[in-house]
Amino acid sequence: MSAGAASTGPEAKGGGGVRAALGGLTTRGRSFLAAGVAAAACAYVLGQSDLLRVGLLLAGLPLICVAVLYRTRYRVAASRRLSPARVPAGSEARVHLRMDNVSRMPTGLLMLQDHVPYVLGPRPRFVLDRVEAGGRREVSYRVRSDLRGRYPLGPLQLRLTDPFGMCELTRSFSAFDTLTVIPRTESLPAVRLAGEASGYGDGRQRSLALAGDDDIIPRAYRYGDDLRRVHWRSTARYGELMVRREEQPQRPRCTVLLDTRRVAYQGAGPDSAFEWAVSGAASALMHLLERNFAVRLLTDTGTSVPGEGADGFAGSSQESADSAGLMMDTLAVVDHSDGAGLSRSFDALRGGSEGLLIAFLGDLDDEQAALTARMRQRSGSAVAFVLDSGTWVTGGAAPGPLEKRVRQLRESGWTALAVTPGARLTDLWQQAARERVEASGAGTYGSPGGWS
């Protein structure tokens, strides 16, 4: 939420003064002023006193309106609230505006206008007839974007006008908010993933505290802990009650690799191959977090998100919630990189400790395909969704080079799938799980029943 205040009296006029007030004359006000001056000039030439009085009335009315509006003294405060502040592409968010009259006198006619990027819809305008002293008015409008990104909302402008519509003065609030439009996500089926069972994995590991005092990792006592677990030596050392950390469940890990190279994608727009890859990465991240995985987002530039916690992976449940928002915010603004290869992401992977690796890849040449194949050696299991952006532009079938890349990755141990235009990640997700089971049953690689 953002808030701000604006004054409509002369103290808020800045350096414009009366000149700025006269600049607020509307077309109607300027027309009256011109007609009055013309009538006065004709009356002087023709010697018509009645016409002079008419001219003075026509010219004086807009000037009186300017003076009254310029001398109006009251202060108003405004606030803006987004609901929600983070919304998937194609969904609507509602913006709530609240206007408070903090002065001791009622306002006149107020016109509100909020600055909104054109991709979110038309610029909203509202008319408030009269706000009593200490009163409040609330209005709202909806915004929607099919394009992910971060969009500023504001500043809010307040327009004052007189009852005759002769003059308008504009005051702007300084505060603004940001609406984050994240990629669309699909709800993925709960297939058996690498090392997953009962929330921790088939092959879940626990670090047990050994019998020796040197191997015990104590922690501070918490209400409800069994007093039989109190470790008195550590209690004496630290000066507070400490208990044994007898076992610590380790969450299965997963790295989601997103290929953002500009040379790997053709076309643009919501239905392009690149947007499908971004949406697929977002769907996989959210699904794995729901399955209690410790996940991270890795791009071809070697950038890792969240980049903190245990070796760059999301840690506790609270960290996972914060990391989910951080990763989705990153995907909301991710763009093509200028890199030509995947070497930085290859270096970011650590041998044998990555767990599950899920990659969303664009066009691969021979060199990058060979480098991607070697990534399989640095993960416990690897699944790749390979796109050929040319087919997304032309709408044709998958050409021979894509089939060659997929076959090359499969021979190196990847579960690789070709992504054709219009493919649903849900179907490909299930297909990848079936292929892992079939490959495990055939004894080629992996373990039965999952991506491991």
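The values are calculated or read from the model by the stated rules, or taken from the named source; none is laboratory data. All of these numbers come straight from a predicted model, not from anything done at the bench. Please note: Cβ atoms are built from the backbone with ideal geometry, for glycine as well, and neighbour counts cover all protein chains shown. The accessibility values were calculated without ligands, DNA or RNA, using every heavy atom of the protein model including side chains. Shrake-Rupley method; radii C 1.70, N 1.55, O 1.52, S 1.80 Å.
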task = Only strands (runs of 3 or more DSSP E) wholly contained in the stretch 43-129 count here; list those with 3 or more residues that are under 30 Å from Met328 (Cα atoms) and not β-branched (Val, Ile, Thr).
result = 75-83, 92-101
request  = Can you confirm whether the stretch 262-277 contains a residue that is basic (Lys, Arg) and over 14 Å from Gly355 (Cα atoms)?
outcome  = yes
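For (1) open to solvent by less than 70 Å² (accessible area, probe 1.4 Å); (2) within 21 Å of Ser379 (Cβ to Cβ); (3) modelled with pLDDT under 90; (4) not assigned by the TED database to the domain that holds Asp363, each residue gets a yes or a no:
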| site | (1), (2), (3), (4) |
| --- | --- |
| Trp414 | yes, yes, no, no |
| Thr420 | yes, no, yes, no |
| Arg424 | no, no, no, no |
| Glu438 | no, yes, yes, no |
| Gly450 | yes, yes, yes, yes |
ask   = Is there a residue in the stretch 250-265 that is farther than 26 Å from Trp429 by Cα and modelled with pLDDT under 85?
value = no
key: Any hit, the stretch 76-85, residues being open to solvent by less than 50 Å² (accessible area, probe 1.4 Å), at pLDDT 90 or above and more than 44 Å from the chain's Cα centre (by Cα)   = no
inquiry  = For the stretch 387-412, give me the residue count where each residue is more than 16 Å from Ala277 (Cβ to Cβ) and modelled with pLDDT under 80.
reply    = 7
query = Which condition number does Trp232 fail, the rest of (1) under 23 Å from Arg192 (Cβ atoms); (2) modelled with pLDDT under 85 being met?
reply = (1)
message = Can you find, within the stretch 252-306, the residue that is surrounded by the most Cβ atoms within 10 Å (Cβ to Cβ) among those that are part of a strand (DSSP E or B) and in contact with a Phe, Trp or Tyr (Cβ under 6 Å, 6 or more places away or on another chain)?
response = Cys254
Test result for Leu69, surrounded by 13 or more Cβ atoms within 10 Å (Cβ to Cβ), in contact with an Asp or Glu (Cβ under 6 Å, 6 or more places away or on another chain) and among the hydrophobic types (A, V, I, L, M, F, W, C) = yes
key: Selection status of Leu97, open to solvent by less than 50 Å² (accessible area, probe 1.4 Å) and more than 28 Å from Ala21 (Cβ to Cβ)   = no
message = Can you tell me how many residues within the stretch 352-370 are surrounded by fewer than 16 Cβ atoms within 10 Å (Cβ to Cβ) and either in a helix (DSSP H, G or I) or not assigned by the TED database to the domain that holds Ala273 (or both)?
response = 3
remark   = Screening Pro163, Pro155 for residues that are farther than 22 Å from Ala332 by Cβ and either modelled with pLDDT under 90 or open to solvent by less than 30 Å² (accessible area, probe 1.4 Å) (or both) leaves only Pro163
ask   = Considering only residues of the stretch 1-59 that are at pLDDT below 90 and basic (Lys, Arg), which is least open to solvent (accessible area, probe 1.4 Å)?
value = Lys13
query = Is it true that Leu147 is more than 30 Å from the chain's Cα centre (by Cα), outside the structural domain of Arg424 (by the TED database), within 23 Å of Val116 (Cα to Cα) and not charged (D, E, K, R)?
reply = no
